[in-house]
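**Student:** This structure is in structure tokens; I'll ask about it shortly.
Taken together, the values in this text are just the output of simple stated rules run on the coordinates, not laboratory data. Small disclaimer: the values here were computed from a predicted structure and weren't measured. Don't worry about glycine lacking a Cβ; one is built from the backbone with ideal geometry, like all the others, and counts go over all protein chains shown.
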Amino acid sequence: MSARSIKEEKECPPEKWRLRHPYGWKTVAILLLLTLFLPFSARRVDVYKGLRMSAEGVADASGIREDSSVGRGWRSFFDAAFPLVLAEKTAVARIENLNRERLPRFSTIVKEPIREYDLASGEWKVTEEVEYLVEPFGYLLRVIRLMLDTVEIALWGTILALLIALPLGYCSAKDYAPYGVLYGLARGVCSLHRAIPELISAMFFVLMFGFGPVPGILALGIHSSGFLGKFFADDIENTPPGPQDALRCIGANQLKVIRFAVLPQVMPQYLAYLQYILERNVRTATVLGIVGAGGIGMELKGRWDLSDFGHVSTILLVVFLTVLLLEKLTQRVRKKMM
Amino acid sequence: MLEFREVGKRYGVSEVALDRVSLKIPRGQFCAVIGPSGAGKSTLLHTVNGMVMPSTGTILFSSIPITRKTLKQIRPRIGMIHQQFNLVDRLSVLSNVLTGALPHLSTFRSWLNLFPLELQRKACDIFADVGLEEKHLYRRASDLSGGQQQRVAIARAFLMNPDLVLADEPVASLDPKISEDILRLLRDASRRTNTAVLCSLHQVNLAKEYADRVVALHKGRIAYDDGAGGLTEDVLAEIYGHSSSVRDRAVHRTKMSQIPMSPKREASAP
């Protein structure tokens, strides 16, 4: 405030001081625009239809209404989702070199008849018996193995993201980027990496690297690095300048200032971001398998397409438990490191 | 050891922070810089380590003119103590002290946090000299009181035996009792190591008591430069541009300084 305006205010008695209204014309204009735009947009994206169908679904579930589209859809999944499928049943004929004397632990061989409809007699007849190897927790173990693959993909994706984000974050921080051009470039790269969804980049990487975990790792690493780079840069910029000045003014170079006056201050936030990105990558990696980028996603998509909802429930349960476990684990690690 | 030759500094077109300041500070002298707010005390200090570059005049440090080119050579020989301590809150107290040696350590070693054992022992000695104990070594800086944090800052400034220590209002955030302790510590450290101290202060009574020499600035010019004994009521009235109650002003400032304030960037890096 200039000296003149201070003087004017001093001359003006307090009862005549101008007080600002809590809501300015800008706020009113924004609210008005939203009031006009949202109903229009809601019609375009079927919000009203969604609300109506949800209400019907709730009425169906509470017995007020007999049937609803939402209820039918939900029941078609829910009725087949339980019990969870834990066992794996494989035709013995499809297993090479099966040693019947030394079956896998807890496994048994069962015979199941194959029935065919006889047109002449009009009855179902047993035509042959097929042997199956039944492993009681075989499917669960397979899902766990696939989930471990998924977690590993997510972990390597996060490591790759960190490796890209550290230099990217440094160059994206004002006052730290060695050149102005580099600052603009680094910010641009961050935005670009964030803008490409993992599923799309995974499809490209599958074209380049073939099916398997590598496209998944690359897709996750590149997308997450956009977020991490931006978060890192913002945190570096918001670090208290005092300790940095204190080191600069005794002749410490930029790298030393970063190491001692910036990193210790931003470390808790960095760890929080990494924890979030890892969790997010685990969740996303489960979906990436759909396009062939490794992990549990492929199994999930296959089972869903076959309407094997019992298997789907097992997969979803394992995914949920893994994410929960990972969250607890990373929280503990973070607490220890802070 | 430190010489200002007709040093001037302008911010923008009209604001004169320093106006043809000439000073010589010999090794081992404790020189207090007093004056009202905006008189140019902080600017004077910041021109020495290049946080602010003077507009006119020359500053010589051990006969070396301070320029952007010579800063790299000069800065490691100057320690600095700040009003808001400027410690790294999340680092241990020992690490904070050791950061005083960063300019003398390779970037590789410092990144790996590999400070030589002798240096760590020396940090412990200085740590004890400033009245801190072993139990404080691995505490976080943020866990210490304001007075203790300023002691850590003094230890950091004196770690590498600097030729000069700049103290920018080192007691402005502390209560009167702690302020006296800190200034006594600073004076003792200066005498023990024969280090010159250039210390800006708001409290005239403290400047009178602890400084070997008092330089008063008024509107960027030197209004007084002598021993503390010559600071009479008339001289102080001339410095502060007010006829009465200079002492009250000093007391008021001390009280105001106890109100916690958010850290403020005093000067931007060159």
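**Student:** Can you list the lysines whose alpha carbon is less than 23 Å from that of A:Lys336, not counting same-chain residues fewer than 8 positions off?
**Tutor:** The qualifying lysines are A:Lys328, B:Lys135.
**Student:** Between B:Phe108, B:Phe85, B:Phe127, where does the largest GNM mean-square fluctuation fall for chain B, given springs only between Cα atoms within less than 10 Å?
**Tutor:** Result for chain B, Cα springs under 10 Å: B:Phe108 fluctuates most.
**Student:** Ok, one more. Lysines within cross-link reach of A:Lys89: Cα-Cα under 17 Å, excluding same-chain residues under 8 positions apart?
**Tutor:** Here the lysines satisfying the reach criterion relative to A:Lys89 are A:Lys111.
**Student:** Once you sort the root eigenvalues of the Cα gyration tensor of the range A:283-335 as a ≥ b ≥ c, which label holds: rounded (a/c under 1.5), prolate (a/b larger than b/c) or oblate (the other case)?
**Tutor:** Oblate, since a/c reaches 1.5 and b/c is not below a/b.
**Student:** A follow-up question, please. Would you please classify the overall shape of the range B:1-66 from the alpha carbon gyration tensor, given that a ≥ b ≥ c denote the square roots of the eigenvalues, rounded means a/c under 1.5, and beyond that prolate means a/b larger than b/c while oblate covers the rest?
**Tutor:** It comes out oblate by the Cα gyration axes.
**Student:** Going by Cα centres, the range A:115-131 and the range A:214-272 are how many Å apart?
**Tutor:** When both Cα centres are located, 71 Å separates them.
**Student:** Between A:Met337 and A:Phe137, what is the spin-label point distance in nm, taking each point 7 Å from the Cα along the Cα→C-beta axis?
**Tutor:** The answer from the label model is 3.2 nm.
**Student:** Then there is this: Counting other C-beta atoms within 10 Å, and keeping those with at most 12, which DSSP coil chymotrypsin sites (Phe, Trp or Tyr not before Pro) do you find in the range A:209-314?
**Tutor:** none
**Student:** Once you've got the GNM for chain A with C-alpha springs shorter than 10 Å, pick whichever of A:Ser107, A:Ser172, A:Ser41 has the biggest mean-square fluctuation.
**Tutor:** Comparing A:Ser107, A:Ser172, A:Ser41 in the GNM, the peak value goes to A:Ser41.
**Student:** Sort A:Glu116, A:Glu299 so that the residue with the fewest other Cβ atoms within 10 Å of its own Cβ comes first and the one with the most comes last.
**Tutor:** A:Glu116, A:Glu299
**Student:** Turning to a different aspect of this structure: Go ahead and run the numbers for FRET between B:Ser22 and B:Asp143, Cβ-Cβ distance against an R0 of 56 Å, rounding to 0.05.
**Tutor:** With R0 = 56 Å, the Cβ-Cβ based efficiency is 0.80.
**Student:** Could you list B:Ile178, A:Ile217 so that the one with the fewest beta carbons within 10 Å of its beta carbon is first and the one with the most is last?
**Tutor:** B:Ile178, A:Ile217
**Student:** Just to be sure I understand: of the beta bridges DSSP finds with both ends in chain B, what percent are antiparallel, rounded to 5?
**Tutor:** Details: 20 of 37 bridges.
If I count the DSSP bridges inside chain B, around 55 percent turn out antiparallel.
**Student:** Could you check the spin-label model distance between B:Glu15 and A:Leu316? Points 7 Å from the Cα along Cα→Cβ, value in nm.
**Tutor:** 6.3 nm
**Student:** Next up: I'd like the FRET efficiency for B:Cys124 and A:Cys12, computed as 1/(1 + (r/R0)^6) with the beta carbon distance as r and R0 of 60 Å, rounded to 0.05.
**Tutor:** 0.50
**Student:** Go through B:24-30, A:46-52, B:75-81 and give me the packing order, highest mean Cβ count within 10 Å leading.
**Tutor:** Final packing ranking: B:75-81, B:24-30, A:46-52.
**Student:** Oh, and also: So what's the range A:238-320 giving for Rg/Rh, alpha carbon basis, Kirkwood Rh from the mean inverse pair distance?
**Tutor:** Looking at the range A:238-320, the ratio lands at 1.40.
**Student:** Same structure again: Taking every DSSP beta bridge with both residues inside the protein assembly as shown, roughly what % is antiparallel (nearest 5)?
**Tutor:** Antiparallel bridges make up about 65 percent of those DSSP assigns within the protein assembly as shown.
**Student:** Please give the average number of partner chain Cβ atoms lying within 10 Å of the Cβ of each residue in A:235-246, rounded to a whole number.
**Tutor:** That works out to 6 on average.
**Student:** While we're here: Based on the Cβ-Cβ distance from A:Ser121 to A:Ala93, what FRET efficiency comes out when R0 is 45 Å, to the nearest 0.05?
**Tutor:** My answer for the efficiency is 0.95.
**Student:** In whole angstrom, how far apart do the alpha carbon centroids of the range B:159-173 and the range A:175-189 sit?
**Tutor:** Using only Cα atoms to place each centre, the spacing works out to 35 Å.
**Student:** Let me ask another. Between rounded, prolate and oblate, where does the range A:128-196 land on the alpha carbon gyration tensor, with a ≥ b ≥ c its root eigenvalues, rounded for a/c under 1.5, else prolate if a/b exceeds b/c?
**Tutor:** Taking the square roots of the gyration eigenvalues as a ≥ b ≥ c, the range A:128-196 is prolate.
**Student:** In whole percent, what relative contact order does the range B:1-160 give with Cα contacts below 8 Å and a gap of six or more residues?
**Tutor:** Value for the range B:1-160: 22 percent.
**Student:** Mind putting a number on the dipole of the range B:1-145 about its Cα centre? Charges go on the C-beta only, +1 for Lys and Arg and -1 for Asp and Glu, and I need it in Debye to the nearest 20. Could the numbers behind the result be given before it?
**Tutor:** Working: 19 positive and 11 negative charges, 98 e Å.
In debye, rounded to 20, the range B:1-145 gives about 460.
**Student:** If each residue of separation counts as 0.36 nm, what is the full-extension length gain between A:Asp234 and A:His21 once their alpha-carbon separation is subtracted? Walk me through the intermediate numbers first.
**Tutor:** Values: separation 213, 0.36 × 213 = 76.68 nm, distance 3.28 nm.
Length gained between A:Asp234 and A:His21: 73.4 nm.
**Student:** Taking springs between alpha-carbon atoms closer than 10 angstrom, which of B:Lys41, B:Lys177, B:Lys122 fluctuates most in the Gaussian network model of chain B?
**Tutor:** B:Lys177
**Student:** Still on this model: Among A:Leu182, A:Ser69, A:Leu146, flag the residue with its Cα farthest along the positive direction of the charge dipole of chain A, charges on Cβ as +1 for Lys/Arg and -1 for Asp/Glu.
**Tutor:** Highest projection toward the positive end goes to A:Leu182.
**Student:** Which of A:Met337, B:Met53, B:Met160, A:Met147 comes first, and how do the rest follow, when ranked by fewest Cβ neighbours within 10 Å?
**Tutor:** Placing the least packed residue first, the sequence is A:Met337, B:Met53, B:Met160, A:Met147.
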